[in-house]
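First up is the structure itself, then whatever we jot down about it.
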Amino acid sequence: MQSTNLHVSRLTRAYLHPGRLTHNMQLLQRLVGGRPLWPCIKANAYGHGAGIIAGHLLRLGYDTFGVADVEEAAALTDSGLKATFVVLSAMLPEHAEALVHYNCQPVVCTQEMLEDLEQEAKKQMKHISIHVKVDTGMGRIGISPGQVQDFLEHCRACPSLHVRSVMSHFPRADEADKTFSHFQIEIFKRVIEQSRSYGVEMFHMANSAAIFDLPESCFDAARPGIAIYGLPPSHSIKNQRVNALQPVLEWKSRITFLKEVPAGTGLSYGHAFTTRQASLIATIPAGYGDGLSRNLSNNVDFLVGGRRCPQVGRITMDMSLVDVSALRGTVELGDEVVIIGVQGEERVTADELAGKLNTINYEIVTGISHRVPRIVVQ
Ligand SMILES: Cc1ncc(COP(=O)(O)O)c(C=O)c1O
């Protein structure tokens with residue numbers, strides 16, 4: 001028997017809508033005008049599946065992507081994807097060989113890294129483009145604004161390296177009060193003035209929130225992440241066009257077991273839920289091993305038969321329970337259960353789950369684990 005005929009795929013799946021990705025990119029592109037967009041596809045494209053997302057973006061004409069590290073760039077390159085990868089996190093000199101081998105464009109903010117990249121590029125007889133990161137207030141990686149000229153002098157002494165851009169990042173662009181972001185933009189403008197005499201041509205700092213609310217920060221390129229996936233950067237974005245974003249991902253499972261239980265039945269580990277009346281309880285093969293947080297136990301609704309049904313009992317590693325008593329007589333084994341997405345008139349968003357977990361939509365989608373198949377909806 002051919003293995004392709006066997007049903008081995010997990011029933012809990014993430015469904016990706018490429019048409020919505022196209023829509024979101026068009027929306028963002030309108031906001032930045034003709035400037036290049038460098039979509040961030042780090043962390044497996046925020047959990048969406050980096051290969052699928054990058055492939056679709058390439059077909060749309062985008063060819064430069066933000067990744068976290070050289071491993072992400074290497075995996076995509078080895079899979080046959082031909083694109084430019086800007087490596088956004090700080091790397092150690094021990095990564096220089098791989099960065100050069102994979103023609104990555106690393107963000108650089110230490111002299112050691114500069115020297116090791118130069119040495120390695122020479123050894124491999126290559127020219128490597130780099131991006132100089134300036135910390136204008138993120139308080140994470142980057143040289144300080146006062147070090148820019150000095151650092152660019154060092155770059156000049158590295159003939160195998162080409163400074164493609166000077167960049168920075170916003171820590172608070174998603175907040176209603178933009179005072180700090182405006183302060184950063186002013187600092188970055190001074191950095192730009194100082195960098196021009198070194199022949200640097202590109203400057204960028206805008207993330208998704210800034211694309212919507214701080215158009216003056218878009219300079220020569222922008223690096224959207226969360227918005228390309230159709231999710232709002234926060235609830236404080238002022239630009240109403242954020243409401244036009246379309247979530248690219250839906251997360252669904254299926255009912256694999258149904259059971260009538262009497263009132264007073266303890267459900268799942270610790271009996272953290274006891275039925276108050278006779279109940280019809282469905283099991284779905286989704287748990288914290290799939291990225292469905294155990295902290296959502298007894299505090300989340302799934303969609304079944306177009307209705308909100310409460311999840312009950314502890315979410316376990318591989319399975320969770322849903323009270324489908326309201327659907328007696330209609331619900332069946334194999335029925336679809338929506339964890340994130342739309343069913344009939346009802347909708348559960350990544351933001352709703354994030355709110356219950358006191359986190360952000362970024363963490364919800366990025367947390368969908370590797371064992372959940374990513375399926376492209378045609
Ligand atoms: C350096 C850098 N640029 C851009 C982004 C994209 O940010 P967002 O997903 O908020 O658009 C990130 C994401 O964390 C980042 O680290």
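Placing one equal scatterer on every Cα of the chain and applying the Debye formula, the log10 ratio I(q)/I(0) at q = 0.08, 0.10, 0.12, 0.15 Å⁻¹ is -0.49, -0.71, -0.94, -1.25. Seen against the Cα atoms of the chain and their longest principal axis, helix 111-123 is set at about 80 degrees.
Between Ser89 and Arg190, the C-beta separation translates, for a Förster distance of 25 Å, into a calculated FRET efficiency of about 0.45. Between Arg328 and Lys238, the simple spin-label model (points 7 angstrom out along Cα→Cβ) gives 5.4 nm.
Using a cut-off of 15 Å between beta-carbons, work out the net charge of the residues near Val376 (Lys and Arg +1, Asp and Glu -1, Val376 not included). Spelling it out: positives minus negatives among the neighbours equals +4. Among beta bridges identified by DSSP and lying wholly in the chain, the antiparallel ones come to about 55 percent. Ordering 199-209, 135-145 by mean Cβ neighbour count within 10 Å, with the highest value first, yields 199-209, 135-145. Accessible surface calculations at 1.4 Å, restricted to protein heavy atoms, place region 1-100 at 47 Å² per residue. Counting 0.36 nm for each residue step from Leu60 to Gln246 and taking away their Cα separation leaves a gain of 65.3 nm.
Of the residues Pro159, Pro310, Pro106, the one that moves most in a GNM of the chain with alpha-carbon contacts below 10 Å is Pro159. One chain, two ends: Thr274 and Met202. Fully extended at 0.36 nm per residue, the span grows by 19.9 nm beyond their Cα-Cα distance. By accessible area, using a 1.4 Å probe on protein heavy atoms only, the chain has 50% of its surface on carbon and sulfur. Taken over the Cα atoms of region 77-184, the convex hull encloses 111 Å³ per residue.
Kirkwood's formula applied to the C-alpha pairs of region 249-376 gives a hydrodynamic radius of 14.6 angstrom. For the pair Val342 and Asn358, the difference between a 0.36 nm per residue extended length and the Cα-Cα distance amounts to 3.5 nm.
Here the spin labels are modelled as points 7 Å beyond Cα on the Cα-Cβ line, and at His127 and Ala75 they lie 3.2 nm apart.
Solvent exposure of region 130-252, expressed per residue, is 40 Å² of accessible area, with all protein chains present and a 1.4 angstrom probe.
The values are calculated or read from the model by the stated rules, or taken from the named source; none is laboratory data. Since we're looking at a predicted model, the values are computed, not measured. Please note: Cβ atoms are built from the backbone with ideal geometry, for glycine as well, and neighbour counts cover all protein chains shown. Accessible surface areas use protein heavy atoms only, side chains included; no ligands, DNA or RNA. Shrake-Rupley method; radii C 1.70, N 1.55, O 1.52, S 1.80 Å.
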